[in-house]
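Heads up, the thing below is written out as structure tokens.
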Amino acid sequence: MSANHGLLCPEAPIQRTQYPYVTGTSVVAIKYKDGILMVSDLGGSYGSTLRYKSVERIKAIGKHSLLGASGEISDFQELLRNLDELILYDNMWDDGNALGPKEIHSYLTRVMYNRRNKFNPLWNSLVLGGVKNGQKYLGTVNMIGVTFEDDHVTTGFGNHLARPILRDEWHENLTFEEGVKLLEKCMRVLLYRDRSAVNKLQIAKITEEGVTISQPYSLKTFWNYSAFENPTSGAEGSW
């Protein structure tokens, strides 16, 4: 009976890809006067442990696009492999044209929705920005294929903590310096409030001239606020 057990009973479905293990937290991106700015930290959390502190989660895609990812790092690496194949195939045509950010974003929405329908999602929230023919483009898609475009987008905790700041302070004529300052303000708030955030950032920009991704750097912080020194002040209950 045991010898035929494998023939009679199908194997259990693979589950190792259906739960995130090493994850990255928020990505924040905005349009500014000349193009797109995007920022993320370099933390990689193994469960609740901030295990890795040099995980780059912003990558250039082709000539006109910039991709940032929250969520499972291995799934992001799988997406990058797929995108490398897509860009290579596009370049093989050698027709003087290249995929723009709108096309890349559309491709990502189909991939994410397809995997969701197989009940084996890629556990990521993605931000795709770019500039082509003078047109700025910024959009996002999550692990179940929900997608939209906007002038500023965030993932993870940034949806709760950074988006209100962007709604108040963003405007379409931001200079590069103003845009960087706004993104750093968002990341500082996230650093204070998100346990998975790490004080090691990269800011990327994309314009008609191309992509520039900064070297990692840290923000100046201040931890002596009274609410930080006595966080349970005024709280009720056993905690």
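The values are calculated or read from the model by the stated rules, or taken from the named source; none is laboratory data. Keep in mind that this is a model prediction, so the values were computed, not measured. Every residue, glycine as well, gets a Cβ built from its backbone with ideal geometry; the counts of neighbours run over all protein chains shown. Ligands, DNA and RNA are excluded from the accessible area calculation, which covers all protein heavy atoms including side chains. Shrake-Rupley method; radii C 1.70, N 1.55, O 1.52, S 1.80 Å.
Structure data summary
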quantity: Count - residues of region 98-112 that are of a type outside the set (S, T, Y) and either in contact with a Ser or Thr (Cβ under 8 Å, 6 or more places away or on another chain) or surrounded by 21 or more Cβ atoms within 10 Å (Cβ to Cβ) (or both); calculated: 7
quantity: Region 40-58, subset outside any loop (DSSP other than H, G, I, E, B) and without any contact (Cβ under 8 Å) to a residue 40 or more places away in the chain, residue surrounded by the most Cβ atoms within 10 Å (Cβ to Cβ); calculated: G44
quantity: Matching residues in region 208-239 - criterion: being open to solvent by less than 70 Å² (accessible area, probe 1.4 Å), out of contact with any helix residue (DSSP H, G or I) (no Cβ under 9 Å at 6 or more places or on another chain) and among the β-branched types (V, I, T); calculated: V211, I213
quantity: Filtered residues of region 118-146 (kept if open to solvent by 50 Å² or more (accessible area, probe 1.4 Å) and closer than 28 Å to V198 by Cβ); calculated: W123, I144, V146
quantity: Residues (open to solvent by 20 Å² or more (accessible area, probe 1.4 Å), within 19 Å of L67 (Cα to Cα) and touching a Lys or Arg at 6+ places or on another chain (Cβ under 6 Å)) located in region 147-199; calculated: D151
quantity: Flag if R115 is at negative phi, surrounded by fewer than 22 Cβ atoms within 10 Å (Cβ to Cβ) and in contact with a Pro (Cβ under 6 Å, 6 or more places away or on another chain); calculated: yes
quantity: Any chance L79 is hydrophobic (A, V, I, L, M, F, W, C) and in contact with a strand residue (DSSP E or B) (Cβ under 9 Å, 6 or more places away or on another chain); calculated: yes
quantity: Flag for N82 being outside any helix (DSSP H, G or I) and either crowded, with 18+ Cβ neighbours inside 10 Å or not basic (K, R) (or both); calculated: no
